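The values are calculated or read from the model by the stated rules, or taken from the named source; none is laboratory data. Remember, predicted model here, so these are calculated numbers, not experimental data. Note: ideal-geometry Cβ built from the backbone for every residue, glycine included; neighbour counts use all protein chains shown. For accessibility, only protein heavy atoms count, side chains too; no ligands or nucleic acids. Shrake-Rupley method; radii C 1.70, N 1.55, O 1.52, S 1.80 Å.
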Amino acid sequence: LQHLAPDILVEILSYITHNSQGLSSFGALCQKVNGTLNEESAWQHLCQKYWHSSDARLKDWPVLSARGLYRALEQWMPMEGFYVLTTAFPWGLLALLRIQSGKLCARVVRFLPDTDKFSEIEVPLFEVSICEEKGNIRSSISAPWLQPNVAATVAPIESSQLLASAEESAFFMSRKIGEVGLFQARRAFRLEVGEDSVEPKRTGKKPATGNLGYPYGLQDYIDSDSDQEDEVVFLSENWSPGRLGETEDEVKQHTSAMLRDMLGSSRSQIPCDLALIRSPDEFMPADPSVPRLRPGLYVGDYAHALYGQFRVEVLLLDYVSLTPDEIRAELQDPRRLFGRPGGGHPPPAQLQALAEMNQTITFMRVVKQCGDLHVPMGATTFVAVCADVSSVLTQTPAPSRVQNRQTWSWESVVRSWRGFGTLATPGFARPSWATGWLVQFAHGTGEDRFGFVWDRNQDAVVLKWIGLQDTCPFLQRSWLPEDVR
């Protein structure tokens with residue numbers, strides 16, 4: 001050990017544990033190891049190995065000693081990524097956490113449709129300041145909605161603890177969306193205000209849904225025998241659908257008011273739950289005959305007045321290849337592509353014909369990260385077959401022209417792929433698969449443009465890549481240490 005360079009020695013030790021406390025404990029081995037663990041160069045090497053430090057990234061990270069930086073990064077960097085605010089189920093809101101200007105910055109991301117594109121609007125949620133005092137790392141949370149002398153805490157929670165507090169969650173089987181499988185997350189945390197966790201006060205009765213502003217008769221869709229438990233205090237009127245703002249300033253101001261209503265109290269009754277959006281597989285078929293859509297997050301404007309400010313929905317797209325045996329297994333017990341909360345819902349009937357092809361098939365899967373009253377966040381909204389299946393599936397002719405829901409203009413279709421879209425009544429009741437088409441439109445803006453259209457309709461939501469992913473590549477978490485991916 002005495003003849004090893006510091007960077008080699010700490011790298012060997014890090015294969016036993018890369019935890020900073022565990023590494024520091026090796027100092028008890030001998031004076032040489034203890035001296036090495038006190039050298040800045042050793043921790044600089046570990047920052048490069050485990051946190052991919054570079055000159056460019058160091059400009060955004062807090063100014064600390066190399067050892068202090070390593071400790072700060074192992075605590076806060078795994079939190080970087082795209083999240084969905086599950087408190088607002090079934091709608092949800094997209095959030096982005098990243099280290100900027102020496103702080104962990106959390107922003108809610110809203111989208112404002114503009115002709116055939118979207119403005120991406122970032123609204124501050126909270127910031128974590130990080131400093132070093134006598135070798136100890138200190139952190140503090142600040143936010144525009146936080147009252148003076150009031151503390152806020154961030155702590156991990158289990159997926160089963162995720163709660164919905166939007167009034168519209170009354171339409172669904174339970175507010176405990178994680179426990180009943182309405183929304184699954186591999187990693188989540190809760191932002192709470194006040195020193196003690198607050199048990200929400202129960203109203204003792206279900207909320208009155210007549211003031212939601214929905215068309216008469218929607219209440220008839222709710223199952224009167226629902227398993228919905230007694231409800232707690234709900235989010236404020238600012239969280240109701242209402243209408244989507246017309247300018248960026250209007251959207252920012254309204255979203256800031258929503259966050260103040262939810263969190264701006266020393267005894268906040270509604271916690272802010274954030275669930276990490278899973279990283280899609282980087283796999284993308286090389287076959288030029290399949291859609292040229294990158295795995296990742298997309299946004300679409302449903303242009304539905306009923307959904308108001310939540311009419312713009314965020315979707316996660318990736319590709320899944322299934323072998324013949326896996327397709328047959330999906331046919332018997334749908335989990336990979338066509339699963340539903342609670343199970344018991346059959347896959348599309350046409351899957352049998354695909355199984356009989358007896359070949360590996362690649363599918364495009366699109367899951368809502370921000371949803372609506374019918375198909376909520378966390379549900380698969382459509383699946384497309386990235387193969388020529390015209391010989392086995394009963395064909396409804398692919399549309400040659402489709403109406404763009406965002407612009408209401410008719411657009412020509414240049415390519416199409418068979419697919420299956422989700423239909424449901426409010427509360428995600430009686431979900432079913434309906435056949436449709438993933439369509440590619442003629443170039444209008446110099447990029448590939450896609451949408452999904454059902455056989456029975458002639459309009460489509462055009463998907464747009466969320467540009468923030470180009471500057472926040474950590475949606476792919478494969479480079480993180482394995483235990484924090």
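Using a simple charge model, +1 on the beta-carbon of Lys and Arg, -1 on the beta-carbon of Asp and Glu, nothing else, what dipole does the chain show about its Cα centre, in debye to the nearest 20?
Result for the chain is approximately 180 debye, rounded to the nearest 20.
Please compare each pair in 176/252; 252/464; 368/464 to a cut-off of 19 Å on the Cα-Cα distance and tell me which ones are over it.
Beyond 19 Å: 176/252; 252/464.
With θ taken as phi - 60° and the coefficients 6.51, -1.76 and 1.60, list the Karplus ³J(HN,Hα) couplings across segment 348-357 in order, rounded to whole Hz; mark glycine and proline as x.
Rounded to whole hertz, the list is x, 4, 5, 5, 4, 5, 5, 5, 6, 5.
From the phi angles alone, apply the Karplus equation (6.51, -1.76, 1.60; θ = phi - 60°) to segment 373-387 and give each ³J(HN,Hα) in whole Hz, x where the residue is Gly or Pro.
For segment 373-387, the Karplus-derived couplings read 5, 8, 10, x, 4, x, 9, 6, 8, 7, 10, 10, 8, 8, 7 Hz, x marking Gly and Pro.
Given 397, 435, 357, which one lies farthest toward the positive end of the charge dipole of the chain, if we put +1 on the Cβ of every Lys and Arg and -1 on the Cβ of every Asp and Glu?
357
Hey, what's the Kirkwood Rh for segment 5-149 if you take every pair of different alpha carbons, in angstrom?
Working: mean 1/r = 0.0573 Å⁻¹.
17.5 Å is the Kirkwood radius here.
Report, by chain and number, residues whose modeled amide H sits under 5 Å from the one on residue 132, excluding near sequence neighbours (fewer than 5 apart, same chain).
Answer set, sorted by chain and number: 138.
Please report the accessible area of residue 363 (heavy atoms, 1.4 Å probe, ligands and nucleic acids excluded) in Å², nearest 10.
The accessible area comes out at roughly 0 Å².
Segment 1-83: which trypsin sites (Lys or Arg not before Pro) are DSSP loop and have at most 13 other beta-carbon atoms within 10 angstrom? Kindly include the intermediate steps, with their values, before the conclusion.
Details: sites: 32, 49, 57, 59, 67, 71; in loops: 59.
Counting only loop positions with at most 13 other Cβ atoms within 10 Å, the trypsin sites (Lys or Arg not before Pro) in segment 1-83 are 59.
So what J values fall out for segment 401-417 if you push phi through Karplus, 6.51 cos²θ - 1.76 cosθ + 1.60 with θ = phi - 60°, rounded to Hz, Gly and Pro as x?
Values, residue by residue: 9, 9, 8, 6, 5, 6, 9, 6, 9, 8, 10, 7, 9, 9, 8, 8, 9 Hz.
Taking amide H atoms as placed 1.01 Å from N in the peptide plane, list the residues 5 or more away in sequence, or in a different chain, whose amide H sits under 5 Å from that of residue 187.
For residue 187, whose amide H was placed from the backbone, the distant partners under 5 Å are 276.
With a cut-off of at most 11 other beta carbons within 10 Å, and DSSP calling the residue loop, which GluC sites (Glu not before Pro) in segment 155-194 qualify? Please list them.
158
Charges only on Cβ, +1 for Lys and Arg, -1 for Asp and Glu: so what's the dipole of segment 65-133 about the Cα centre, in debye to the nearest 20?
Details: 7 positive and 9 negative charges, 18 e Å.
That gives segment 65-133 a dipole magnitude of about 80 debye.
Check residue 411: other-chain or 5+ apart residues with amide H under 5 Å from its amide H, H built from backbone geometry?
Amide H neighbours of residue 411, under 5 Å, 5+ apart: 402, 403, 404.
For Cα pairs less than 8 Å apart in space and 6+ apart in sequence, what is the mean separation divided by the residue count of the chain, i.e. the relative contact order in percent?
Dividing the mean separation by the residue count of the chain yields 13 percent.
Taking only DSSP H segments of four or more residues, each worth -39500 (n - 2.57), what value at 222 nm results for the chain once the sum is divided by all its residues, to the nearest 500 deg cm²/dmol? Display every interim value, and only then the final one.
Numbers: 9 runs with 78 residues, N = 485.
Result for the chain: -4500 deg cm²/dmol, rounded to the nearest 500.
May I ask you to order 40-48, 22-30, 307-315 by the average number of other C-beta atoms within 10 Å around their residues, highest value first? List each step's numbers first, then the result.
Values: 40-48: 18.9, 22-30: 14.0, 307-315: 21.3.
Per-residue Cβ counts within 10 Å, averaged per peptide and sorted highest first, yield 307-315, 40-48, 22-30.
Could you tell me which of rounded, prolate or oblate describes segment 328-397, using a ≥ b ≥ c as the square roots of the eigenvalues of the alpha-carbon gyration tensor, with rounded for a/c under 1.5 and, failing that, prolate when a/b is larger than b/c and oblate otherwise? Don't jump to the answer; show the numbers that get you there.
Values: a/c = 2.16, a/b = 1.58, b/c = 1.37.
Prolate, since a/c reaches 1.5 and a/b exceeds b/c.
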